[in-house]
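Structure record follows, encoded as structure tokens.
No lab work stands behind these numbers, since they all come straight from the coordinates. Model, not experiment: these values are computed from the prediction. Here Cβ is always computed from backbone atoms with ideal geometry, including for glycine, and neighbour counts include all displayed protein chains.
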Amino acid sequence: MIIDLHIHSRSSDGAFTVNEIFQEARLRNIEFLSITDHDSIECQEIAIDLAETTGIRYVSGVELNVAFSYSKHHQEKPVALDFLGYQFDVKNKALATKLDQIARYREERAAKILRNLNAEFEKEGIEKLSTCDFEEIQASVDGTLGRPNIANYLVRKGIVKSKQEAFDRYLVKCNVPKYPLHLEEASKLIRNAGGKLILAHPNDPHGTSLATLTSSLTEQTAIIKNSMLNYIDGVECWHSRNDVQTTNHYVKFAEEQGFLMTGGSDCHQKPVIMGNVKIPEYVVDQFFLN
């Protein structure tokens, strides 16, 4: 069985619509999947309907960005971590309300980032971005608006040659903090909606992960034990950027803690890597036996 429980659609920063994801999933013989858009559940009802018509097993999903403070690092700024919510009621009002609030904040944040960008452009003699530019960026996004969307627009405008250059030259320097969602609140939102909260890609060297605190896998799992056990239900053990050591370490840790184990490609369709991560079939059973 091919499984992928970490896929992004155009409702956040993916390139495919929900329909296109299901079409691709059928071509790739994916039998169990979840779309986990960033801070958005807009596509979930459509996905559930498509799952019924295509015969693909589906579980509701979302990826929440959380500001995490670890006790040993209490004097430092919180680090950003991602958590995956699964199997929640997609019509839960409290969850939908909070995500709407986060979406509005994203719009405000994006406007502030553009103002910061314009200050940099003025220094460099580059034409400033206008209200029309902001509207074009908004129009290019079906769901949540974030820095990747701005980066893509800077590439289209010819200001930078690549998305990475946009971040390196401007978007890191011009950043504005994300919405301050904390782990306890994220946990309540998902669990009160009947779902389960999973720590995403815990050792991702290129993403929001515990690797920003320590590269030691043993220290990472110590942080989880010391600060997260009351709030999470599992950990993402299989991921497209995992090495074998990371996967083995987290599988063993999850077994010791009695955690739900999940996995996925984290596919944004750039390139299309859906279903490329080998995930054992017992992952499916965990969702329907617990």
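Here are the numbers for the structure shown:
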item: Residue-span extension gain [residue 101 to residue 281] - 0.36 nm each, minus C-alpha spacing; result: 61.1 nm
item: Candidates per GluC sites (Glu not before Pro) in the stretch 97-158, loop by DSSP, up to 12 other Cβ within 10 Å; result: 127
item: Debye, to nearest 20: dipole size of the stretch 108-171, +1 on Lys, Arg Cβ, -1 on Asp, Glu Cβ; result: 160 debye
item: Magnitude of the charge dipole, the chain, Cβ model with Lys/Arg +1 and Asp/Glu -1, debye to 20; result: 620 debye
item: Net length gained if the chain between residue 115 and residue 130 were fully extended (0.36 nm per residue, minus Cα distance); result: 4.4 nm
item: Candidates per trypsin sites (Lys or Arg not before Pro) in the stretch 216-290, loop by DSSP, up to 11 other Cβ within 10 Å; result: 278
